[in-house]
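So the structure is just underneath, and the comments pick up after that.
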Amino acid sequence: MAISIIKFLLLAYLAAFCQTILANLTAIGGVSPNFGTIIIVLIVLKSDFQVAFPAALLTGLVIDILNPELFGLGTAIRFAIAAAVWELKCKMDLKRLAARVYLLMGAEAAFQLFYQCCANRFDLDILGHLFVEVSLPILLYTSVLGTVAIMIGDLSVKIQIKKAGGG
Amino acid sequence: MKWVTSLLYRNKRFSLFLAGLLFSLTLFALPLNQKTFVCNVLQNIFYWPYWSTAGIVAKVISVHEVNTALQAELVRLKLERITFEENKLENERFREMLEFLPVAEFEIIPAHVIAYDQGRRSSSLAIKGNRELGRFLPVVDESGLVGKISASTGRVATVSLLIGPNCRVAARDKQTRSLGIVKWQSGRDLYLDDVALDNKVVIGDTLISSGLGGVFPKGLIIGVVTGVSSKPSRFFREITVKPAVDFGSLDNVMVLKPKSEPSGD
């Protein structure tokens, strides 16, 4: 139990780190990737729902506290997306890298769509502009970085398997 | 109600999803002031280490930037100070020159030395004035007479120095009023020629231009008598003169342009 709490705390600090220092370091032309989606998708893909759901909730919460006005909205959307990703994980064959990348892209696209729509109260004039100028660059950047993260995750799994086989 | 709880208990995943979603939406539904309070507390817990680190890094970076800027400013100010010092010295020299120059009869043209004669011993130099410089005009600095312009091409002119063979000056002993011709023969010293044996000239006397030659106005300091010898077999005294001007460190000079142009030496 204590170890689980420590792991969740570390996850929360990791999310905060990604949202502050890493986001600033990786920003290109003012566009930062959505590390929240990457973290949530990676956790959901690798863990059981009993771990993935609270982790997604915590990650969403930590990222959301930077925007008190919409506090809770991003958490709810991220949590719902985590649940959807979980369902897809159970029903789809995600062994191929491309499938997981599509899943990540879909998750980020869904987040951007729901979040911007709710945050801007479905004002279509603003949304059109926001989707093109804000959401699309973030989606592309998040997809690229998320792909790299998934590949690194695969590589570490392969190394572990190799070590286990060798041992 | 009982069947709902049993359904939730049996479907753990759905229960967890529902609980998380309700929790998030409850947070979203809170009044803004309460949300702000919760966010501030959580921000202090989770973001404080990064913000404080980022603040320290930003301070360090800014210190480095400020240091670089200050170093550049220091270099700039040093250069400016050197320029100011140069200007101050130049100003002092010009002031000294103006004190003894016959301002009323002459137009004073400031000039600076742009080249020295390339021989072993300089007997001429090139100057550049801020106006057109004519031939045979006297050139002085704050110490005294430098020479005369021997050739001119507009603002640039060649000056025949007093310590050269092409410049002779009608001189007068400031103390005894004896007349003579100051000319160069060899070495760094000048000679006062044509002073009769019965004229009294002593070591330490100051020689000034007499104004009789037509080129140099009277009263310009030429130098100081450093040696006097009298041989009965000769008609004139042998008088050596140390020039007042340090010809090795000439920088700014003045060209005196009379109202009526001189015709030559």
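Applying the selection to region A:60-71, what residues are surrounded by fewer than 23 Cβ atoms within 10 Å (Cβ to Cβ) and not hydrophobic (A, V, I, L, M, F, W, C)?
A:67, A:68, A:69
Go over the candidates A:85, A:44, A:101 one by one and state the one that is more than 14 Å from chain B (Cβ to nearest Cβ) and of a type in the set (Val, Ile, Thr).
Going through A:85, A:44, A:101 in turn, just one is more than 14 Å from chain B (Cβ to nearest Cβ) and of a type in the set (Val, Ile, Thr): A:101.
Restricting attention to region A:53-72, report how many residues are at pLDDT below 90 and either among the basic types (Lys, Arg) or under 16 Å from the mean Cα position of the chain (by Cα) (or both).
Of the residues in that region, 0 qualify.
Give region B:31-55 a look and list any residue that's more than 7 Å from every other protein chain (Cβ to nearest Cβ) and outside any helix (DSSP H, G or I), or say none.
Selection gives B:31 alone.
Looking only at region A:120-167, which residues are among the basic types (Lys, Arg) and more than 27 Å from residue A:99 (Cβ to Cβ)?
Answer for region A:120-167, where residues must be among the basic types (Lys, Arg) and more than 27 Å from residue A:99 (Cβ to Cβ): just A:121.
Is it the case that region B:181-192 has a residue that's touching an Asp or Glu at 6+ places or on another chain (Cβ under 8 Å), surrounded by 13 or more Cβ atoms within 10 Å (Cβ to Cβ) and acidic (Asp, Glu)?
Within region B:181-192, none of the residues are touching an Asp or Glu at 6+ places or on another chain (Cβ under 8 Å), surrounded by 13 or more Cβ atoms within 10 Å (Cβ to Cβ) and acidic (Asp, Glu).
Condition check: among the β-branched types (Val, Ile, Thr), more than 12 Å from chain B (Cβ to nearest Cβ) and touching a Gly at 6+ places or on another chain (Cβ under 6 Å). Does residue A:38 satisfy that?
In short, yes.
Tell me, please, whether a residue that is without any contact (Cβ under 8 Å) to a residue 12 or more places away in the chain and out of contact with any Phe, Trp or Tyr (no Cβ under 9 Å at 6 or more places or on another chain) can be found in region B:154-172.
no
Being modelled with pLDDT of 85 or more and touching a Cys at 6+ places or on another chain (Cβ under 8 Å) narrows it down to one residue among A:77, A:150; which is it?
Of the residues listed, the single one that is modelled with pLDDT of 85 or more and touching a Cys at 6+ places or on another chain (Cβ under 8 Å) is A:77.
What number of residues in region A:36-51 are surrounded by fewer than 24 Cβ atoms within 10 Å (Cβ to Cβ) and not polar (S, T, N, Q)?
Of the residues in that region, 8 qualify.
Checking residue A:11 against (1) over 21 Å from residue B:46 (Cα atoms); (2) within 13 Å of another protein chain (Cβ to nearest Cβ); (3) surrounded by 16 or more Cβ atoms within 10 Å (Cβ to Cβ), which single condition isn't satisfied?
Exception for residue A:11: condition (1).
How about region A:22-43: which of its residues are assigned to a helix (DSSP H, G or I), within 13 Å of the chain's Cα centre (by Cα) and closer than 19 Å to residue A:112 by Cα?
Residues satisfying the conditions are A:35, A:36, A:37, A:38, A:39, A:40, A:41, A:42.
Which number in (1) under 21 Å from residue A:151 (Cα atoms); (2) away from chain B (no Cβ under 11 Å) marks the one condition that residue A:91 misses?
So residue A:91 meets the others, but not (1).
For region A:51-78, which residues satisfy the criterion of being without any contact (Cβ under 8 Å) to a residue 12 or more places away in the chain and at the interface with chain B (Cβ under 7 Å from one of its Cβ atoms)?
Passing the criteria: A:65, A:68, A:69, A:71, A:72.
Take the residues in region B:226-249 that are buried (at least 21 other Cβ atoms within 10 Å of the Cβ) and aliphatic (A, V, I, L, M), then tell me which one is farthest from residue B:99 (Cα to Cα).
B:239
Can you tell which of B:205, B:193, B:141 is touching a strand residue (DSSP E or B) at 6+ places or on another chain (Cβ under 6 Å), in contact (Cβ under 8 Å) with a residue 60 or more places away in the chain and of a type in the set (Asp, Glu)?
B:141
The values are calculated or read from the model by the stated rules, or taken from the named source; none is laboratory data. Since we're looking at a predicted model, the values are computed, not measured. Cβ: placed from backbone, ideal geometry, glycine included. Neighbour counts: every protein chain shown.
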